[in-house]
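Any read-out appearing in this document is the output of simple, stated calculations on the displayed coordinates, not a laboratory observation. Since this is a predicted model, take the numbers as computed values, not measurements. Neighbour counts run over all protein chains shown; Cβ positions are idealised from the backbone, glycine included.
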Amino acid sequence: MLKTTLIKATEAGAKVLQEYFNGTFTISHKSTVNDLVTEADKKAEAAIIDVIRADYPDHFILSEEAGSLETQSNIKWIIDPIDGTVNFAHGIPFAV
């Protein structure tokens, strides 16, 4: 069942990111000029969390934007919806 949830969460996040890629979205800076977060990051992360919470409401989730959604579960999901936000924000389709 974990694998099924993982696949559903991946597909939900990917669907959001495909809608934003090469489109218009807001970009914010976190700690430095190269430490970006986009509207796409936040919405993809929310979609991923929604899928996990629907199947496993008691699992611990650690995500890059939302932070730690702690529970007593021994199972922890770690979420970084876009590994390469700078490239994504500039329309570069992959990290080099």
Point to revise | Every residue from segment 32-67 that is over 13 Å from the mean Cα position of the chain (by Cα) and of a type in the set (Gly, Ala, Ser) | key: Ala54
Review point. Hey, any hits in segment 46-57 for a residue that's out of contact with any helix residue (DSSP H, G or I) (no Cβ under 6 Å at 6 or more places or on another chain) and closer than 24 Å to Asn87 by Cβ?
Key: yes
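For (1) among the hydrophobic types (A, V, I, L, M, F, W, C); (2) surrounded by fewer than 16 Cβ atoms within 10 Å (Cβ to Cβ); (3) more than 22 Å from Lys15 (Cβ to Cβ), each residue gets a yes or a no:
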| site | (1), (2), (3) |
| --- | --- |
| Lys42 | no, no, no |
| Ala47 | yes, no, no |
| Ile52 | yes, no, no |
| Ala66 | yes, yes, no |
| Ile78 | yes, yes, no |
**Study point:** Filtered residue count, segment 60-83, keeping only those that are under 18 Å from Ala47 (Cβ atoms) and out of contact with any helix residue (DSSP H, G or I) (no Cβ under 9 Å at 6 or more places or on another chain)
**Key:** 4
Point to revise | Filter result for Ile52 (of a type outside the set (Lys, Arg) and free of Cβ contacts under 8 Å to residues at least 60 places away in the same chain) | key: yes
Check your understanding: Is there a residue being in contact (Cβ under 8 Å) with a residue 12 or more places away in the chain and of a type in the set (Asp, Glu) anywhere in segment 24-39?
Key -> yes
Study note, to complete from the structure: Of Thr85, Thr71, the only residue that is farther than 23 Å from Leu2 by Cα and either among the basic types (Lys, Arg) or surrounded by 13 or more Cβ atoms within 10 Å (Cβ to Cβ) (or both) is Thr85
